[in-house]
Amino acid sequence: MTIPWTHVEPRTNTTQIDNFSSGEPIIDDWFHQNSAQEHTDKRVITHVCVDYLGQVVGFFSHTAVVCRFDGESNSLRKTYCSRGEVEAPAILLAKMGLAKALQGQKHGRRLCLQALAKISQVAAAAGVRLLVVDALNDALVPFYESVGFRSLNAQPTRLVMKTSNAAKLSSKAKDASNII
């Protein structure tokens, strides 16, 4: 199965998104009402996945955050934090949406890998070693875990991944199927 988008580009004020729907109201409302302004203001960076007809079929956004590891094991803190710290700078996969018509066909995984590829580049340039995602609900936690994120004990819907792992995953996906 081929990837349903031909390219990924930054969201602009002129990006045509009127026909986009992921079927998830909180995601769609943010994308339609706030994403352009937040991108312009550099609060988040949003990229859109565009198909051969010029239609937006998916998007993802990211921003810088500080991830706290209070209540997590010492080994987990050592993995992600500097010595003795309980927090670490991170890039947050803030929002992600896939057109409803494309769901259930493994394109969500492809979109997530596309996001990881872009975000791991940003993280490497910024010297950040951690990616974070806050699953919209408990049902999405297994999806993110299947991609390679690790759920935090104290906040089960907050998941983390080393940027080095994200880069490896996106590289393998690119090599295996040219999806990114």
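Read the figures in this text as sums done on the coordinates, not as results from a lab. Just so it is clear, the structure is predicted and the values come from calculations on it, not from any experiment. Quick reminder, even Gly has a Cβ in these numbers, built from the backbone with ideal geometry, and neighbours come from all protein chains shown.
Taking Cα pairs under 8 Å and at least six residues apart, what relative contact order does the chain come out at, in percent?
Numbers: 300 pairs, mean separation 33.9, N = 180.
Computed value for the chain: 19 percent relative contact order.
Near LEU130, the amide H atoms lying under 5 Å from its own belong to ILE91, THR163; only residues 5 or more places off or on other chains count, and H is placed 1.01 Å from N. Just checking the listed ones, ASP29, ASP134, ASP51: in the Gaussian network model of the chain with Cα springs under 10 Å, the one fluctuating most is ASP29. Over the chain, dividing the summed -39,500 (n - 2.57) contributions of all DSSP H runs of at least 4 residues by the number of residues returns a 222 nm mean residue ellipticity of -10500 deg cm²/dmol. In terms of its alpha-carbon gyration tensor, the chain comes out prolate; a/c meets the 1.5 threshold, and the first ratio a/b outweighs b/c.
Here the Karplus relation 6.51 cos²θ - 1.76 cosθ + 1.60, evaluated at θ = phi - 60°, turns the backbone of segment 126-139 into coupling constants of 8, x, 8, 9, 9, 10, 9, 9, 9, 4, 4, 7, 4, 5 Hz, with x for every Gly and Pro.
Taking 12 Å as the straight-line reach from the Cα of LYS100, the aspartates and glutamates in range (excluding those fewer than 8 positions away in the same chain) are GLU24, ASP28.
Of the residues ILE17, ILE26, ILE119, the one that moves most in a GNM of the chain with alpha-carbon contacts below 10 Å is ILE26.
Of the chymotrypsin sites (Phe, Trp or Tyr not before Pro) found in segment 38-136, those in coil by DSSP whose Cβ has at most 14 other Cβ atoms within 10 Å are TYR52. Taking the centroid of alpha carbons for each part, segment 116-174 and segment 1-78 are 14 Å apart. The string of couplings for segment 88-99 from the Karplus curve (6.51, -1.76, 1.60, θ = phi - 60°) is 8, x, 8, 10, 9, 6, 6, 9, 8, x, 10, 3 Hz, one whole number per residue in order, with x for Gly and Pro. Taking amide H as placed 1.01 Å from N in the peptide plane, the amide H of GLU87 sits under 5 Å from that of PHE69, each at least 5 places away or on another chain.
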